[in-house]
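Read the figures in this text as sums done on the coordinates, not as results from a lab. Just so it is clear, the model here is predicted, and its values are computed rather than measured. FYI the Cβ positions are ideal-geometry reconstructions off the backbone, even for glycines, and counts take in every protein chain you see.
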Amino acid sequence: MESNSAERSSVQRISPVHIRLYAVMAAARYHGIELDIRDFAAEPGESSPSPATLVRWLRDFGAVAKGMRLRWRYLVKLGYTPPVVLLFRDGSAGLLVRTDPEKGIVWLRDPLKGEGEPPVPIDELRLMQLWTGDIVLIKRRSDESEADANFDFHWFAKMVLREKQGLRDIVFSSMILSVLGLFPAMIVMQVVDRVVNYHSMATLVSLTGFVVILSLYEVLLTYARQELTLVVTTRLDARISLHAFNRLLALPLEFYERQQAGEVLGRFNSIFKVRDFMTGQVLNTLLDMFMLLVVMPVLFYMSSTLAWLTLVSAGAIGLIVVIMLPVVSRVAGKMVRAEMQRGATLYETVAGIRTVKTLALENTRRAEWDNRTAVVIHWRLASQRLANWVSTMVQPLNMFINRGIILVGAYLVLTDSSSMQGGALMAFMMLGGRVASPLVSLAKIMESLNEVTVSLGEAGEVLNQPTETYALTHGMRPPIKGALSFSNINFTYPGASTRALSEVNFDIPAGTMLGLVGRSGSGKSTITRLLQGVSRDYQGYLRLDGVDLREINLHYLRRSFGVVLQDNFLFRGTIHDNITAGRPGLTLDDVIRAARLAGAEEFIERMPAGYETWIEEGSTNISGGQRQRLAIARAVISDPKLMILDEATSALDPESEALVNANLKNLAKGRTMVIVSHRLSSLVDCDQIAVMEQGRAIDIAPHTVLLERCDVYRTLWLQQNRHLEQTAQPPQALNSTDARSSGDPGQKVEQERPGGGGQN
Ligand SMILES: Nc1ncnc2c1ncn2[C@@H]1O[C@H](COP(=O)(O)OP(=O)(O)OP(=O)(O)O)[C@@H](O)[C@H]1O
């Protein structure tokens, strides 16, 4: 219930709509699904959320939900049940937890009260006055484990088998089509042997009728099968795409930092090769195999000698393909990898085109592209050559099946006319060709299987990495005030040999404006990464309001932070869209308030379309200072209790920097703010400044105190402000706020904490 009160605290008044949302959240929580009220997007025009809107919300966050209308007589039969949401006429909702059909009573729980509270019994008459008749049923998705399952053939097979019904219909129609496929040959046999030999017009007429009806049937069935296949493969496609993209989003930032973006994309895209294979080649070959099953007995019936000859030749084709398989697949694997690397080069060039152009790196990029293309071409040629070899070896056997058999058959007809007639020979010819193709495609499947295995392995390199899913969906959601405490924090980046943070110890109360200073590489950004839960593999304890950060739901934690970096990505869209960043439920008033706080209001209003001004990709049509201010507005719109500004003003011109800095105090009101800056003069207003040196927090105190007692700080300050030093002595007099800050002697970290690093 802790989280319930947290969410409630952000709501001034509990309206019926909120009660309805809390009811849904409580029912979802029963199944272990944590919803955040801030994720709820109301449908425009709906005064209170309809079952459909609630179901959409639930489904978006991993629940299986269903809205339905129920009569009392069915509702009362539910017995002991997981909480069912009953929608009330006033826009609120209740939670039904138990019913007694004998007594005609249901028990409702107040969504705002804890699970321990006893439910209230209520009879039909009273309930019908409140209840609209709508309910929302919620349960946990049974394939939750599937969401975290590895991307392998097993997973794909499971996905395919989830389309059981569709597949069953496809198989059934394929079997019938296979049988129908025999008829043309049979008809030819009848026409030659009966109609032509005996000049029988009556047989021709009845055969014609038969052919028309069967053809019609075949046309319809083929259409239906195609339609079914389309539906099944499209559904499969959608499911795979969604799942893969969710995986991509659930990967930790640390993973992306280690990987080349182009390679990640290339690997991700190889998942679609697997999909094409499963839904195209495998399915078609399986369907072809039915043909084989149907045709073979007929062939043996017509002539066992010819049937054996056909089977052996087709088998030999399959054998050749299988023997060549390892070589072909090795080459195919090299081709896939080469294509992926070329894709990475393409992506890098396009993503970094500004640098390429400004540094005139076209020739270098072109040379790299040429090299990569040369490798691709080399392996493609090799693989196509190999394929050519295989098909050349196979061709004589294929020709034998298609042409040689007729000669053997003719010989059989001549030497022993009782064994076969001319018509049967022609029918055999027509059907014999169908034996080779399924066998060959079966062998080819094995060939592709290797290429697909390589692709799957590549995709797995990205998609089977450990995700943050658990941390994003589990954990506490405590109310956040903003007190931070670092105790004995040690952290080393994966693969690095030295610690990025070493025995960091300091505490700050909620509402502190904390500056982080230190030389380049001293660990300032690493501190902010730990705070945002980007890197979680640290030793020691980092507490937010006394709660271990690792215990807090990651999604909730990150939402509680407003973060502005040195270079902020603005999405293509309007200023309004960028400030709300797609967060549901924010109004224009919120946008304006955030823009005002960020000092962006004035320039936005001067723009021709105001908040509807379109921002191009890479935000080329606004200045750097404007972009930063929009990023700040985006960060403060949800009124976070914690804010991080990591070199947010470093890249700005002095005027824009002054504008943003002038607003810092305003921004910091009511929240804890962590400001990383190289420019010490922008931090003099901070309540506390932590000085970082080689991963250690060597001191923390207000500006004036640090100037007096921290050598590193004083050196940095003097390096940047020597000109001021000469004109105004002593440095404490530089800023009036220093006098206030100096009242707080701060914490001399290394002295106060045992185990802290020594001061430099
Ligand atoms: N993703 C990473 N992988 C490995 N090492 C890293 C990574 N990021 C930072 N480091 C290392 O960790 C140390 C601290 O880096 P950090 O970025 O926190 O320093 P900083 O004080 O913010 O530096 P700057 O002021 O230059 O941004 C540095 O030695 C750096 O080389």
*Using a cut-off of 15 Å between alpha-carbon atoms, which aspartates and glutamates can reach Lys669, once sequence neighbours fewer than 8 places away in the same chain are excluded?*
Asp639, Asp685, Asp687
*FRET efficiency, Ala316 to Leu412 (Cβ-Cβ, R0 30 Å, nearest 0.05)*: 0.90
*asked:* Given Cβ point charges of +1 (Lys, Arg) and -1 (Asp, Glu) and nothing else, what value in debye, to the nearest 20, does the dipole of the chain about its Cα centre take?
replied: 1100 debye
_Net dipole in debye of the stretch 569-637 [+1 Lys, Arg Cβ; -1 Asp, Glu Cβ; about Cα centre; nearest 20]_ = 200 debye
_Positive-end residue of Thr349, Trp379, Phe290, charge dipole of the stretch 235-382 with Cβ unit charges_ = Thr349
_Of every Cα-Cα pair in the stretch 441-538, the percent that sits beyond 20 Å_ = 60 percent
*Across every pair of different alpha-carbon atoms, what Kirkwood hydrodynamic radius in Å does the stretch 633-704 reach?*
13.1 Å
*Among residues other than Ile592 whose Cβ falls under 10 Å from its Cβ, what is the net charge (Lys/Arg +1, Asp/Glu -1)?*
-2
_Packing-based order for 543-550, 305-312, using average beta carbon neighbours within 10 Å, highest first_ = 305-312, 543-550
*Which whole-angstrom value gives the distance between the alpha carbon centres of the stretch 181-195 and the stretch 274-341?*
28 Å
*Under 28 Å from the Cα of Lys444 - lysines, other chains or at least 8 residues apart*: Lys158, Lys164, Lys273, Lys334
*With point charges of +1 on the Cβ of Lys and Arg and -1 on the Cβ of Asp and Glu, referenced to the Cα centre of the chain, which listed residue (Met426, Ile37, Thr81) lies farthest in the positive direction of the dipole?*
Met426
_Around Val712, under 9 Å between beta carbons, what's the net of Lys plus Arg minus Asp minus Glu among the other residues?_
-1
*Expressed as a fraction of 2.2 N^0.38 Å, the rule-of-thumb size for a compact globular protein of N residues, what is the C-alpha radius of gyration of the stretch 348-426?*
2.47
*Return the Rg/Rh value of the chain, two decimal places, where both radii are evaluated on C-alpha atoms and Rh is the Kirkwood radius.*
1.11
*Given 0.36 nm per residue, what is the gain on full extension from Lys665 to Ser200 after removing their alpha carbon distance, in nm?*
157.0 nm
*Mind jotting down a quarter of the surface of the convex hull over the alpha carbons of the stretch 569-637, in square nanometres, one decimal?*
3.8 nm²
*Determine how many Å³ per residue the convex hull of the Cα atoms of the stretch 528-610 encloses.*
135 Å³
_Taking the square root of 5 times each eigenvalue of the Cα gyration tensor, what semi-axes in Å does the equivalent ellipsoid of the stretch 165-296 have, largest first?_
51, 14, 10
_Shape call, the stretch 148-462: gyration tensor on alpha carbons, a/c limit 1.5_ = prolate
*Distance between modelled label sites at Asp590 and Leu216, nm, 7 Å Cα→Cβ extension*: 6.2 nm
*Which of the helices in the chain, when you take each full DSSP H run, stretch at least 20 Å along the axis at their Cα atoms and have an average Kyte-Doolittle score of -0.5 or higher?*
16-30, 164-190, 201-250, 261-276, 283-302, 304-351, 422-463, 654-668
_the chain - mean residue ellipticity at 222 nm from DSSP helices (-39,500 (n - 2.57) per run, n ≥ 4, rounded to 500)_ = -18000 deg cm²/dmol
*Proportion of all alpha-carbon pairs of the stretch 555-676 beyond 20 Å (%)*: 35 percent
*Ranked Lys103, Lys641, criterion: other C-beta atoms within 10 Å, fewest first*: Lys103, Lys641
*What nm value, rounded to one decimal, do you get for the distance between Ile176 and Glu708 when each label is placed 7 Å out toward the C-beta?*
9.4 nm
*Give the percent of DSSP beta bridges with both residues in the chain that are antiparallel, rounded to the nearest 5.*
70 percent
